[in-house]
Amino acid sequence: MKKLLLFNSLLLIFSCSWAQEYKIDVSYMYLYSDQWDKAIHTYNFSRPFFTEKQPLLMNGLTTSISYIFKNKKHVKHGVNFAYAYFPSSAGNDNFNNKLNLHFVNLGYILHYEKAETCKGLYSELLVSATSSIVYRNVNGEPFVYDEKKSKAFGIGGELHLKVGYYYKLKNKIYLSPFIAVAYTPILYAPNHEAVINQTKGLTSNNWTGIISTQIGITFHIRQQKND
């Protein structure tokens, strides 16, 4: 036990010595995917008897954790892990249909700030591998399609640009509001149409491009001495 505690203490010290900054983001995200929108529009069009239409997968929440490495230059490097969730639910007589879209991203960060000219302002470029999964539930139970639980996986890459402004709260604790835009040229997700509309290749491609925007707040722990 003493060896384990010593190892954990050394790991924490080593991590802090190499870290410039730790960050946690919480934000609202707006998402646009033409292929997923087509599938949902087709689902609604083919079911005119439903009084409540299925909403598009476009409003969600996301959170992320970032780690910026120590560097005296204006451009710093880091890593990022992000998760996002987008629900779409429609309730009709004896039929409640819900889509659950999840994203997980793992990325590399280029962090830029120049306190001499723009104190508090920073920008970041993220290059991430992104994965997604869409589930469908009907009346609170997983929907079964072709004798399997309905789900669709996706994989692709994302470019993400973020701009924020630091406000110091206490000691090394900072808060920054931010805005961000992201672009996924190709997310390969061949079964998303089958999950959404129970068809395949009818209205959508096996892949989709995604554009998203974010607005949120970041909590920082900054290790640098001078801000």
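Could you pull out the residue among Val181, Val134 that is within 30 Å of Asn71 (Cβ to Cβ), in contact with a strand residue (DSSP E or B) (Cβ under 8 Å, 6 or more places away or on another chain) and part of a strand (DSSP E or B)? Just one listed residue meets the conditions, Val181.
Of everything in the stretch 50-93 that is closer than 17 Å to Thr218 by Cα, free of Cβ contacts under 8 Å to residues at least 40 places away in the same chain and of a type outside the set (A, V, I, L, M), the residue that is least open to solvent (accessible area, probe 1.4 Å) is Thr63.
The set of residues from the stretch 147-178 being in contact (Cβ under 8 Å) with a residue 40 or more places away in the chain and not in a strand (DSSP E or B) comprises Ser150, Tyr166, Lys172. For the stretch 133-144, the criterion of being modelled with pLDDT of 95 or more and either open to solvent by 10 Å² or more (accessible area, probe 1.4 Å) or under 19 Å from Pro190 (Cα atoms) (or both) is met by at least one residue. Candidates are the residues of the stretch 35-68 that are of a type outside the set (A, V, I, L, M, F, W, C) and part of a strand (DSSP E or B); the one that is farthest from Ser204 (Cα to Cα) is Tyr67.
Candidates in the stretch 188-211 are the residues that are part of a strand (DSSP E or B) and in contact (Cβ under 8 Å) with a residue 60 or more places away in the chain; of these, the one that is nearest to Tyr30 (Cα to Cα) is Ile211. Can you name the residue in the stretch 45-63 that is modelled with pLDDT of 95 or more and polar (S, T, N, Q) and is also farthest from Asn97 (Cα to Cα) among such residues? Within the stretch 45-63, the match that is farthest from Asn97 (Cα to Cα) is Thr63.
The values are calculated or read from the model by the stated rules, or taken from the named source; none is laboratory data. Remember, predicted model here, so these are calculated numbers, not experimental data. Every residue, glycine as well, gets a Cβ built from its backbone with ideal geometry; the counts of neighbours run over all protein chains shown. With ligands, DNA and RNA removed, areas are computed over all heavy atoms of the protein, side chains included. Shrake-Rupley method; radii C 1.70, N 1.55, O 1.52, S 1.80 Å.
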